[in-house]
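A short write-up of the structure that comes next.
The values are calculated or read from the model by the stated rules, or taken from the named source; none is laboratory data. Owing to the predicted nature of the structure, the values given are computational and were not obtained by experimental measurement. Note that each Cβ is placed from the backbone with ideal geometry, even for glycine, and that neighbours are counted across all protein chains shown. Protein only, heavy atoms only, side chains kept; ligands, DNA and RNA dropped before computing areas. Shrake-Rupley method; radii C 1.70, N 1.55, O 1.52, S 1.80 Å.
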Amino acid sequence: MEKERPQWDNPLQFVFACISYAVGLGNVWRFPYLCQLYGGGVASVVVSFFLSMYYNVVNAWGFWYLFHSFQNPLPWSVCPLNSNRTGYDEECEAASSTQYFWYRKTLNISPSIQESGAVQWELALCLILAWLMVYLCILRGTESTGKVVYFTALLPYCVLIIYLGRGLTLRGATNGLIYMFTPKVEQLANPKTWINAATQIFFSLGLGFGSLIAFASYNKPSNDCQKHAIIVSLINSATSIFASIVTFSIYGFKATFNYESCLDKVILLLTNSFDLEDGSLTASNLEEMKDYLASTYPSKYSEVFPSIKNCSLESELDTAVQGTGLAFIVYSEAIKNMEVSQLWSVLYFFMLLMLGIGSMLGNTAAILTPLTDSKVISSHLPKEVISGLVCLINCAVGMVFTMEAGNYWFDIFNDYAATLSLLLIVLVETIALCYVYGLRRFESDLKAMTGRALSWYWKVLWAGVSPLLIVSLFAFYLSDYILTGTLQYQAWDASQGQLVTKDYPTYALAVIGLLVASSTMCIPLGALGIFIMRHLKRADTAPVA
């Protein structure tokens with residue numbers, strides 16, 4: 001039998017459900033139900049709905065790569081032959097085998113967002129499979145979902161430990177770790193760096209979403225929410241550092257491998273062009289030999305010079321890749337050069353799937369909880385039907401991201417659906433907690449729950465530091481877009497084998513504005529609606545003179 005849910009009409013249980021995992025180190029901003037009278041709860045659900053629309057496409061890509069990981073050799077390890085079978089495909093040669101597999105075989109991406117193209121049915125089937133797995137996990141409700149999350153959260157740690165052991169033994173791993181721990185002052189001085197860091201924290205801790213509240217509502221009122229919040233925050237930070245060490249060790253291997261391959265090509269080119277003895281030209285004396293050949297054979301060297309690549313380990317390490325590029329291009333490029341590459345590929349993409357499905361379960365719970373709690377909806381439809389309808393609607397909308405231009409729309413949703421909106425939502429939630437509900441009332445609730453008084457540290461963070469930081473991030477975010485000017489996106493140019501920058505068309509800008517406005521406007525519209533309803537109610541109950 002499902003555990004009885006706490007009732008919202010009891011102030012203590014009401015606040016407890018809002019703070020069970022939401023007190024401390026950033027999670028103090030998680031109070032959507034507290035400010036739902038002001039539209040905050042609705043805004044959180046809208047943001048979670050937008051996130052569900054596109055995020056499961058990442059799991060569809062994970063399934064696609066996982067299924068191809070059993071091939072020998074890996075399909076992204078070599079370029080395919082051209083139509084005449086006289087050489088390699090030109091697009092693949094211009095880019096790389098991993099980029100070609102991602103942009104052409106996986107996405108079959110169009111040259112611009114204006115060219116929508118057709119639905120890629122292989123990816124569409126993978127998306128249906130991803131949503132089917134999510135539905136089976138949430139079929140019995142939020143409480144059973146929490147049990148599944150234990151598996152999806154713990155398994156990636158096992159895989160990361162295995163990858164750590166492998167990554168640290170790879171050639172060039174130390175180059176990546178040195179690069180990771182070397183401070184970049186120019187990056188630290190860039191406000192966008194802190195904006196990206198704050199956005200990552202919002203996503204990793206679930207700030208502004210309803211997932212934490214949905215799961216926390218099953219805790220007992222005596223739960224030590226403060227201790228658990230601190231533990232969760234510390235685990236989150238430690239996990240980020242741990243995962244970064246694994247990532248940069250493999251990233252260092254990938255950069256070192258590419259750097260050494262570049263040197264080998266230059267050595268082979270100079271050896272053949274100048275009829276040098278094999279072994280006379282090495283990586284250690286390459287620069288000296290280049291200067292010698294340039295001074296001794298100036299005319300011949302000038303002919304060969306355009307073909308000589310400038311090999312630099314630092315430039316390989318400086319190649320900043322994030323998001324889907326890091327997950328599906330950088331890692332796959334490193335994996336293809338490992339021994340027993342199929343094994344490492346299966347392990348990695350299975351881990352990626354578990355992480356993605358775990359995130360989807362929490363996010364879907366944030367949508368289902370207010371729907372199943374609503375007597376208007378739950379009295380007519382059982383939980384299984386409500387869950388099925390949510391998954392079906394999201395899956396249908398997600399088909400847009402499986403089209404040839406789908407990746408461009410994915411970037412729009414990823415960049416604008418849940419970034420600026422979250423800043424406003426958490427700001428309103430913080431103000432609602434500190435200045436509407438009141439710190440004194442909240443302190444007494446916490447004391448009744450935990451048995452100890454609230455320290456001044458938390459009060460200062462909630463009432464002063466947190467709102468100021470959020471407003472600063474909000475200002476940085478807006479100023480960054482104002483300085484940028486016209487919003488642009490990265491489009492794939494097949495002839496050059498690289499990404500090029502293009503301006504968004506007018507209708508794409510309209511969609512961006514709609515995504516931001518649809519969630520943020522829930523707050524002022526909700527407050528206005530409640531104000532009007534209360535005013536009308538007072539007018540109806542006012543005594544007649």
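Give me the number: length gained by fully extending Glu93 to Ser273, i.e. 0.36 nm times residue separation minus the C-alpha to C-alpha distance, one decimal in nm.
Length gained, Glu93 through Ser273: 62.6 nm.
Per-residue Karplus couplings for region 462-468, computed as 6.51 cos²θ - 1.76 cosθ + 1.60 with θ equal to phi - 60°, are listed in order as 5, 7, x, 5, 4, x, 5 Hz, Gly and Pro entered as x. Mean separation of Cα pairs under 8 Å and 6 or more residues apart, divided by the residue count, gives region 308-461 a relative contact order of 6 percent. Using θ = phi - 60° and the Karplus relation 6.51 cos²θ - 1.76 cosθ + 1.60, list the HN-Hα couplings for region 231-247 in order, rounded to whole Hz, with x at every Gly or Pro. Using θ = phi - 60°, the values come out as 4, 4, 5, 5, 4, 4, 5, 5, 5, 4, 5, 4, 5, 5, 4, 4, 5 Hz. Annotation for Thr486 and Leu168: the two label points, set 7 Å from Cα along the Cα-Cβ direction, are 5.1 nm apart.
With respect to the chain, whose longest principal axis is taken over its alpha-carbon atoms, helix 522-541 is tilted by about 10°. Peptides 389-400, 270-281, 296-307 ranked from most to least packed by the mean count of surrounding Cβ atoms within 10 Å: 389-400, 270-281, 296-307. Between the helical axis of 406-416 and the longest alpha-carbon principal axis of the chain there is an angle of about 50 degrees.
Shown for the chain: the carbon plus sulfur share of the solvent-accessible area, taken with all protein chains present and a 1.4 angstrom probe, equals 64%. Starting from the Cα of Ala463, move 7 Å in the Cα-to-Cβ direction to define the label point; list residues of region 422-442 whose amide nitrogen is under 19 Å from there. 427-442, by backbone N distance to the label point.
Residues within the reach of a label modelled at Phe181 (point 7 angstrom out along Cα to beta-carbon, backbone nitrogen below 14 Å), restricted to region 228-242, are 241-242. A probe of 1.4 angstrom, applied to the heavy atoms of all protein chains, finds Val78 with accessible area near 90 square angstrom.
So if each residue of separation counts as 0.36 nm, and I subtract the Cα-Cα distance between Leu129 and Gln200, what length gain in nm does that give?
Working: separation 71, 0.36 × 71 = 25.56 nm, distance 2.73 nm.
Additional length available on full extension: 22.8 nm.
Here are a few candidate values for Rg and Dmax of the Cα atoms in Å: (i) 28.7, 110; (ii) 23.4, 78; (iii) 27.0, 111. Which one was actually calculated from the structure I just gave you? This structure yields the entry labelled (iii). Near Gln498, the amide H atoms lying under 5 Å from its own belong to Asp493; only residues 5 or more places off or on other chains count, and H is placed 1.01 Å from N. In the context of the full set of protein chains, residues of region 381-504 present 47 Å² of accessible surface per residue (probe radius 1.4 Å, heavy atoms only). Separation of the alpha carbons by more than 24 angstrom is noted, of Lys227/Lys375; Lys105/Lys192; Lys227/Lys459, for Lys227/Lys375; Lys105/Lys192. Peptides 120-130, 82-92, 520-530, 179-189 ranked from most to least packed, by the mean per-residue count of other Cβ atoms within 10 Å: 120-130, 520-530, 82-92, 179-189.
Once both labels are positioned 7 Å from their Cα atoms along Cα-to-Cβ, the gap between Leu509 and Ser237 label points is 4.2 nm. Karplus-derived 3J(HN,Hα) values for region 304-317, using 6.51 cos²θ - 1.76 cosθ + 1.60 with θ = phi - 60°, are 7, 3, x, 8, 7, 7, 8, 7, 8, 5, 5, 5, 5, 6 Hz; glycine and proline are entered as x.
Around the amide H of Tyr88, modelled in the peptide plane, lie the amide H atoms of Asn82, all under 5 Å away and 5 or more residues distant in sequence or on another chain. The relative contact order of region 64-119 comes to 24 percent, based on Cα pairs under 8 Å that sit 6 or more residues apart. Helix 439-450: angle to the longest alpha-carbon principal axis of the chain, degrees 0 to 90, nearest 10? The answer is roughly 80 degrees. Simple point charges give the picture: +1 on the Cβ of Lys and Arg, -1 on the Cβ of Asp and Glu, and for region 265-333 a dipole about the Cα centre of about 200 debye. Mean separation of Cα pairs under 8 Å and 6 or more residues apart, divided by the residue count, gives the chain a relative contact order of 33 percent.
Using only DSSP helix segments of four residues or longer, with each worth -39500 (n - 2.57), what per-residue ellipticity at 222 nm results for the chain after dividing by its residue count and rounding to 500? For the chain, the value works out to -21000 deg cm²/dmol.
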